[in-house]
Amino acid sequence: MTSFRRTISKTVSFMLSAAIVCATVFGAAFFMAERAYAKDATVKGYEDQISDLEEKQKDLKNKINANKNESGKAAETKAYLDELIYTLEQKINASEALIGELERSIAVSEQEIIDCEAAIETYSEKITLRIRMMQEDNGAGYLGIIFGATSISDFFSRLEHIKTMIDYDKKLKAEYKDQKQQLHDKKNSLEASMVLQNETLQTLSADKAEAKALAEKANRYIEQLAADEQAYKAELEKAEKAEAELDKKLTEYLKSLQNQNSSQVVADGEYLWPLPKGQGWITCKFGGSDPNNKPHYALDVAIAAGTPIYATNAGTVLISGWHSSYGYYILIEHGNGMASLYAHCSALLVKAGQTVSRGQTIGKVGTTGFSKGNHLHFEIRKNGVRVDPLAYMAPQAPENIL
Ligand SMILES: [Zn+2]
């Protein structure tokens, strides 16, 4: 029955026009976490827990996707088996009908054989009677004939007639014997067909039972997959809630920390476009969707690897380091609650704690972290909330938007 199974492979391909996939950006708390980078064990603890929860969510999403794929295959197998069971039932019905017909034909043959035997018996008796009539002593048996004869010639004529009748009876008896033999042969043939048909029916019934068992198994598997999916989804929801709670706690904690620290540099000039003017193109605007269908609160600008990245304004470098999603990135605090972030860099040219001037080259464009093409992921944050960078520097941005 393994032949019933079908392997269905589905290939899903995603076409991304610019081949740029940007990092899933973290919550607001992330930014502020960097304010107290590495020094605060509490912050580190929160970050580790959040990171673990995000890993867990990723794992669960993979499991849910794999489960969906498997469910699709199982449903196709089940549909195929149902179809097969239906076909087998049709064949079983036809086979049973044929067996019924064979049974009726055999019964008819049996009756015909009985009729033949009766006819043979009748003719045997007739023949015996006529012979006895002819062999009676002194021809007394002929009395009936003689009695009815009107002349000698008539007598012989009648005697001849009896002989003819005996011959005729013998002929008929022989014919019935032949017919009986033919009926026997026919009956044997019908019985042989019946044996074969019964075997066919047994095979069909066995196939049906096996197909049914497989269909039930497939059904149980489908039910199990559905139950697993529910469990994964519940677990995912739990992890998402836990992350949101941690994020909130971290935000509160960081706010308390932020109150104790204030930026040394307060930027007052306009915000500069962080890349050489007239180069690159915007592949994802603020508020768009990233490949995970999560809202994207940043600008993505596709541009050649190694292109210099400029500080959008004067400030203090809060972090210049590595993150699994952002890759190599830089976070600069500009004072008055303003900050900017530059992700997926190929090189970092500043260090945490360093002050930078507006327009200073701080790093180089790359595709590190969760990125699938050279681009700059650029964020501006106001009081820890990401805002649209174009609102600050639209006239300087390249006009072309992918
Ligand atoms: Zn981005």
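The values are calculated or read from the model by the stated rules, or taken from the named source; none is laboratory data. All of these numbers come straight from a predicted model, not from anything done at the bench. Cβ atoms come from the backbone with ideal geometry, glycine included; neighbour counts cover every protein chain shown.
A compact table of results
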{"read-out": "Unmet requirement for S340, which otherwise passes all of (1) over 27 Å from K58 (Cβ atoms); (2) surrounded by 19 or more Cβ atoms within 10 Å (Cβ to Cβ); (3) away from the ligand (no atom under 14 Å from the Cβ); (4) at pLDDT 90 or above", "value": "(3)"}
{"read-out": "Top-ranked residue in the range 345-391 [being more than 21 Å from S289 (Cα to Cα) and hydroxyl-bearing (S, T, Y); ranked as surrounded by the most Cβ atoms within 10 Å (Cβ to Cβ)]", "value": "S346"}
{"read-out": "N62 vs. criteria assigned to a helix (DSSP H, G or I) and free of Cβ contacts under 8 Å to residues at least 24 places away in the same chain", "value": "yes"}
{"read-out": "Within the range 314-327, tally of residues that are within 15 Å of the ligand (Cβ to nearest atom) and either at pLDDT 95 or above or not in a strand (DSSP E or B) (or both)", "value": "3"}
{"read-out": "Filter pass, A311 being surrounded by 12 or more Cβ atoms within 10 Å (Cβ to Cβ), farther than 16 Å from A391 by Cα and either more than 13 Å from the ligand (Cβ to nearest atom) or modelled with pLDDT under 80 (or both)", "value": "yes"}
{"read-out": "Pairs where the first residue, in the range 119-133, is in contact (Cβ under 8 Å) with a residue 24 or more places away in the chain and in the same structural domain as D167 (by TED's automatic domain parsing) and the second is surrounded by 16 or more Cβ atoms within 10 Å (Cβ to Cβ) and charged (D, E, K, R), C-beta under 6 Å, 6+ apart", "value": "I120/K173; Y123/D169; Y123/K173; K126/D169; I127/D169"}
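Each row is one residue, and each column tells you yes or no for (1) of a type in the set (D, E, K, R); (2) modelled with pLDDT under 90.
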{"site": "R220", "(1), (2)": "yes, no"}
{"site": "A226", "(1), (2)": "no, no"}
{"site": "Q230", "(1), (2)": "no, no"}
{"site": "K241", "(1), (2)": "yes, no"}
{"site": "E252", "(1), (2)": "yes, yes"}
{"site": "A267", "(1), (2)": "no, yes"}
{"site": "W273", "(1), (2)": "no, no"}
{"site": "S289", "(1), (2)": "no, yes"}
{"site": "N292", "(1), (2)": "no, yes"}
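For every residue, the table says whether it meets (1) over 20 Å from E47 (Cα atoms); (2) within 16 Å of the ligand (Cβ to nearest atom).
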residue: K277; (1), (2): yes, no
residue: A298; (1), (2): yes, yes
residue: G306; (1), (2): yes, no
residue: L348; (1), (2): yes, no
residue: G384; (1), (2): no, no
